[in-house]
Amino acid sequence: MIQWWLHGGAGTIVLHLPEGGEEVKIGDQTYVKFGDIYYQPIQLDGEDMYEIVDVKEEE
């Protein structure tokens, strides 16, 4: 189960991700991908969380 809350326009912040996400490295950044949604690992108030980001793959 994905738990989330909105954090002031910075995107949707996800507290925990379930098992099974695909780790994807784009440039220097590593994301966790579920389906078409990319999650960027962040730290907020000293806690590890994930922010949904808009990643567009080049064709």
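Of the residues that sit in the stretch 43-59 and are in a strand (DSSP E or B) and hydrophobic (A, V, I, L, M, F, W, C), which one is surrounded by the most Cβ atoms within 10 Å (Cβ to Cβ)?
MET49
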What is the residue count in the stretch 19-36 for residues that are out of contact with any Leu (no Cβ under 9 Å at 6 or more places or on another chain) and aromatic (Phe, Trp, Tyr)?
1
Applying the selection to the stretch 21-42, what residues are in a loop (DSSP other than H, G, I, E, B) and open to solvent by 70 Å² or more (accessible area, probe 1.4 Å)?
ASP28, ASP36
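The values are calculated or read from the model by the stated rules, or taken from the named source; none is laboratory data. Note that the structure is predicted; figures quoted are calculated from it, not measured. Backbone-built Cβ (ideal geometry, glycine too); neighbour counts: all protein chains shown. Heavy atoms of the whole protein, side chains included, go into the accessibility calculation; ligands, DNA and RNA do not. Shrake-Rupley method; radii C 1.70, N 1.55, O 1.52, S 1.80 Å.
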